[in-house]
Structure formats: C-alpha cells, structure tokens
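Down below is the structure, laid out as structure tokens.
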Amino acid sequence: MAGAAHCSLQVKRLLLDPKFEGYKLSLEPLACYQLGLDAAVAEVKLRDDQYTLDHMRAFGMYNYLHLDSWYQDNVYYVDQLGRVMNVSVTLDTALQKPREVFRLPTDLTAYDNRLCASIHFSSSTWVTLSDGTGRLFLIKSGKRGNSASEKWEIVFNEELGSPFIIAHSVSFVKSDTHSVAVLLLRVEKDELDTKGSGFHITLEWVTIAEISKEGDRRYEIFKRRVLQGKSVPHYAAIEPSGDGLMIVSYKPFKFVQDEDNKLEEENDDAKAANEKKVDPLYYWQQTEDDVTVTVHIPQDITKDEIKVRFSPDNICVTLKDQPPLMEGKLYSSVDHESCTWIIKDNKSLEISLIKRSEGPRWPELIIGDTRGEFIMDSSQCSEIAESLMHLTSEVMNPNPEKENPPCNAQELEECDAFLEDSASLCRFDGDTLKVTHVINLGSNQYLFSVVVDPREMPCFCLRHDVDALLWQPHSDQPENMWEHIATFNALGYVQASKQDKKFMACAPDYSYAALCECLRRVFIYRQPTPLSTVLYNRKEGRQVGQVAKQLVATLEANDPILGFQATSERLFVLTTKTLFLIKVNPGN
C-alpha cells in the first residue's frame, strides 16, 4: 500500500452525548402484522465443503430480504419456485399478498453447488440479479413498487464462471454511455494455501455498458477486474461514479494483475529496492559526551573548499560552491564553540560535536534526515542489554510474590481479546487499481451497513468505545471522504451482550437502531426523545428532560429469521414462510 494516504475518521463531538444514561425498557406494545407466503423462501443451506468461517459470514448469514431504498417500504425476496416476490406497504392493516415481479428462467433444483439468489437495486429503474449458479442478469425494471409501471425486462444475461452473490452495484452515465458496475463475491478453493483455511475470497468488479453495433443497442461486458483477499469483507461498495471502490475487511485485498501489469509492477518494485540500497550519506557514533560524524568526500577536495558551520542547534556542511551536503536542526543542542572537523586520509571528513547536555542518547543526528546511519559499538550494545536484563527471565513468573506481578493472561476477559488482524478501510482507484486511501480501524468494530441516501454509497456503522457511530462515505469530497452523520448511544456496548444476534439495522432517518436474534426476538433502541410528563432522577434530584427507550418484540414463529430490514416507520422480518411487519414509528 505504498503511496496510499493514511487517513483517520474525524468524530463530530456535537453528535456525541457524554451524559447519556442508558436505555429504559419500555413495555408499550408494538403493532406487529404478519403475512403468510405462498411458497417458502429459497434458502440455500451450507454444504459439507463450505465449512469455514468465511462461508458462514458470506452465505450462512446472508440476508434473504432485500429493501428497495429508492422506494421506501418496498421489500423483495426470492421463493423456492424461483419467483422474485415484492411486498409494497401503504397501509399496515391492509397488507397485500406478495406479488410476483420476475421469474428466474433457470431450474435451480438441477444445480447441486449453487448459492442463494441475490438482488441489488442499482438505481430507481435498474436491478442486478444473480440466480446463485454463476449467471448474472441485468434488468430494466421500470418504476418499481407500482404494479402498473413495474415490468422487469432482461437486457443482459451471461454466465460469469463459478457461483457468486452480488455484493453491490451502481448505475451511472459517463460520456453519454449508460453503464452498470457490479461487485460479485466468491469464496474459492485455494490450492496454494496449505497453512490457512484452504480458501480465498475474490471480489470481481464487472462493468456492463450499453454499446451500439450496426444500429442495434445492447449491453455487453466492458471491463472485468478481480480483487483477492483472505477474509470476507464486512463492507464492499462501488462509488456512484464507478471510479473507485471502498472495502472494509480484516485482511487486505489486492487486484489480481494480468501478466503485463504484473511485469510493470515487478519493475517498479525492483527500482524501489535499488533506491533503498543507496549507501548512507554519512555515518555517526555517540558517547555520553560527544557525537562523531564521518562523511565521505571526493579525493580532489581541498581543505579550503570545505565549509562547516556550527551553531548551538544547527549544522551546515558545504563542498566547493555546491548546495549544502548536510544541513538542518540537530536533535539536541551542542557547544558550538568546541566543535571541530578534520580531513582523514584525504577521503573522509570527520566532525566532532560536543553535547551541551551529557548523558541522553540521540535517536537521530539531524531531525527528519534519514540519509545517515548510526553505528553502535560493542560496549554500548552490552550496556543496553544489561539495562534491559531486569525485564526478562528464563523462568515463567520467577517472583510471584513481588509487588507488581506480571500480567496473568487467564485473568483477561473475553471482551479484552483482539482478533489477529485489525480491520482496515481501503479506497481503490478504478484506473490505477491501487489503494489511494487507508484507514486502520483498530478496535473500532464493524457493526452493520445501511443505505441512508440511495444516490450515495451505503453508510457503515462502527463501534467507538461504547457508542455506535454511523459514517457516510463521500467519494467526491477528498477533504471529507467519510462523514460522521449519526450516533447510536451505547449501542456498541449493548450489542456486544447479545450473543445470539444475527442481523443489525437502523432507520434511514437515524430515529432507531434494531437487532434480531436467530429466532423470534427483535430488540429496538430508540433515540432519546422529550418526555410529555415530569420525571425526576432520584439519585441526583434533578428533572430528566428526555429518555431513550428499548423495546422488545417476540415473533409468533418457530422458523429461523432469514431476513431483516429497517425503514423510518417499520421493521421487516422474514422467516421461512412468513413476513412480519413491526410498526416502530407512526407515519408522518
């Protein structure tokens, strides 16, 4: 990732609430409606050869319910008959039966190694669809959510290799040409990986463009690029312009280069390695009292052509009338009147600097100058080793009764454990195929993603301390590429205690966050709202102005939850044979 800008996420202090007191469990009833499905959801269970954690994350925890962010309160799912079914809600008390909008032309039962069908809404009129067998469909849908105008028509249909699921897609127009870029996720066998899981993850970035041939306009694949990594990405999205890609993952991804690009990259690496092999400009040693610097000089240089200027904090060395060979601020002050220099053997210049403060070691000679090399003599090595001796021992815990015993790993709690690699957020450029921006997320655990504005990239939610912070990527704003737009107080802490959680989501207007377990239970966390009655904090004797409520809904179903989506008004929960609607907020 050489050359990438290392960035950080800037938290907006005004969106944090340091005085948040927690959620109050509310027993107010939640209106819950259910809709029986004509045919069961087309769930595809993991096979025996899909045994890794990556298979579970990518396919075992797949969200089978798809929310159309372009048209609020429209959800879709695929049933066992290969039908794409739509539920559009206008009135909760008068729910219409699921409506078929498209039928997959493939007989899915004939495929043993298929994955679940996946859908992504690229724009208000374009849809990308995979049947789970390795075939990609590009569909012109018309205005969705309305049976009169919604008509799904296939404009592109092609086999693209091994089975995949669609991670993301966008529709855009460039130079008067309409294109759809789609990101395909695969978990593939890796014969070269003998020490790891034996699998790697690929993200294939496919761009399909409208091409005119002999008066006939049709859609064809314009470009295919492949990224490879060792962990399923938590978040992967294409920028609205189609120019870049953002990925949040525990292990890094990189583009798989073709032979020409690979050769060019190897040449660049060799050039960089050769540059690193350049001999140091100077060598330096130090004692507690002084610093000795040795600089190689051409043999034809005379004493009169060398100029060395000392000051308490700076040094400048010039040969003939050339630009300064060495110049800059010294790490620490020197007694400049006692500093000297001589020419040794007509080939090196030796400079003696007398430290003003005896004792402290200098980590560098000239601040920020990396062209020199520090040489340590054997006596200094022995001295440092001796000073560190008390920190090491050949015996585990040699003196357990001492005042400050060493750390006992058995006393660490589960929440103290860190994963091997900390997650990172990377932005890839579509033209150079290189990382342009990197953010090390450290302990900021990824929680979920949500579409707030369908014209923008999906937002991602990260844990920061006890809170959960929502971030909106802006690919067109280099100075504000990731904006902190909302905070869910204490949600980072609360979700950590829910060991059976399966999905998390939040309302696009940030009014609430929600999570569901594998079976039945749904937890809703509302943002603090003003109270209509007077409430006092007994401990502190002060009036409480607002309160954040936690609500719990228990579904009347024994089937596992397969899908979970949130809108500003309601939650959609999908099980094998039923779609539940939970009214969270009253309509505007």
Next item on the list: Please go through segment 458-504 and write out the trypsin sites (Lys or Arg not before Pro) that DSSP classes as loop and that have at most 15 other C-beta atoms within 10 Å.
Entry: LYS498
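Computing the accessible area with a 1.4 Å probe over protein heavy atoms, can you report the carbon and sulfur percentage for the chain? Can you show the working numbers first?
Values: 15510 of 32240 Å².
Carbon and sulfur: 48 percent of the exposed surface of the chain.
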Check: Once the other residues with Cβ under 14 Å from the Cβ of SER379 are scored (Lys, Arg +1; Asp, Glu -1), what is the net sum?
Finding: -3
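Just how large is the dipole of the chain about the Cα centre, in debye to the nearest 20, putting +1 at every Lys and Arg Cβ and -1 at every Asp and Glu Cβ?
Details: 63 positive and 87 negative charges, 572 e Å.
Its charge dipole is roughly 2740 debye.
Please sort by residue number the GluC sites (Glu not before Pro) in segment 89-193 whose DSSP state is loop and whose Cβ has at most 12 other Cβ atoms within 10 Å. Before the final figure, lay out each step's value.
Working: sites: GLU100, GLU150, GLU153, GLU158, GLU159, GLU188, GLU191; in loops: GLU150, GLU191.
Hits after loop and neighbour filter: GLU191.
Can you list the equivalent-ellipsoid semi-axes of the chain, largest first and in whole Å, using the square root of 5 times each Cα gyration tensor eigenvalue? Please report the intermediate quantities before stating the final value.
Values: eigenvalues 664, 227, 109 Å².
Each semi-axis is the square root of five times an eigenvalue, giving 58, 34, 23 Å.
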Next item on the list: Take LYS189, project a point 7 Å from its Cα along the Cβ direction, then tell me which residues of segment 49-89 have their backbone nitrogen under 12 Å from it.
Entry: 49-50
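Dividing the Cα convex hull volume of segment 120-204 by residue count, how many Å³ per residue is that?
Details: hull volume 9.6 nm³, N = 85.
Enclosed volume per residue, from the Cα hull, is 113 Å³.
Can you tell me the FRET efficiency between ALA148 and VAL256 if r is taken as the Cβ-Cβ distance and R0 is 41 Å, rounded to the nearest 0.05?
Working: r = 46 Å, r/R0 = 1.11.
Once the sixth-power term is evaluated, E becomes 0.35.
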Check: Averaged per residue, what accessible area in Å² does segment 282-370 show with a 1.4 Å probe, protein chains only?
Finding: 59 Å²
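For segment 282-370, what number results from the quotient of the Cα radius of gyration and 2.2 N^0.38 Å?
On the way: Rg = 12.7 Å, N = 89, 2.2 N^0.38 = 12.1 Å.
Scaled against compact globular proteins, the figure is 1.05.
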Notebook entry, point to check: Hey, what did the chain get for relative contact order, percent, Cα under 8 Å, at least 6 apart?
Noted result: 13 percent
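The values are calculated or read from the model by the stated rules, or taken from the named source; none is laboratory data. What you see is a predicted model; the values in this text were computed from it and never measured. Glycine also receives a Cβ, built like all others from the backbone with ideal geometry; neighbour counts cover every protein chain displayed. The accessibility values were calculated without ligands, DNA or RNA, using every heavy atom of the protein model including side chains. Shrake-Rupley method; radii C 1.70, N 1.55, O 1.52, S 1.80 Å.
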